[in-house]
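First the structure, in the form of structure tokens, and then the observations on it.
Taken together, the values in this text are just the output of simple stated rules run on the coordinates, not laboratory data. The shown structure was predicted, so the numbers you read here are calculated from the model rather than taken from an experiment. In this analysis, Cβ positions are derived from the backbone assuming ideal geometry, glycine residues included, and neighbour counts consider all displayed protein chains.
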Amino acid sequence: MANITMVPGYGMGITVTDKRWTPTDVASPATAAEFAATQDTRTLDAWLAANNGTYWTATRLAQESIWDKLFYLRSTVANNAGLA
């Protein structure tokens, strides 16, 4: 028996009926400050540098991808309980 049942199938209108899922498994929503910091790359870079300038140097900001920056924001700085 499958752990996840897709009803009625793939595409629009999918309902996941996984009995193991609970609302506590879902990442908490972004905070207002976190949401504001992610509006564009320049804003995100400025926010990261302001919150941890020792780590987020200009060189690191230029080298890292947007996904690395967002992961850092969600997992370390703004909402460390935000990743399920």
Mean Cβ neighbour count within 10 Å, used as a protection proxy, ranking 62-69, 41-48 highest first
41-48, 62-69
At what distance in nm do the modelled label points of residue 42 and residue 75 sit from each other, each positioned 7 Å from its Cα along Cα→Cβ?
2.9
Step through the residues of segment 63-75 one at a time and calculate ³J(HN,Hα) from phi using the Karplus curve (6.51 cos²θ - 1.76 cosθ + 1.60, θ = phi - 60°), rounding each to whole Hz and writing x for Gly and Pro.
8, 7, 7, 4, 5, 5, 5, 5, 4, 4, 4, 6, 9
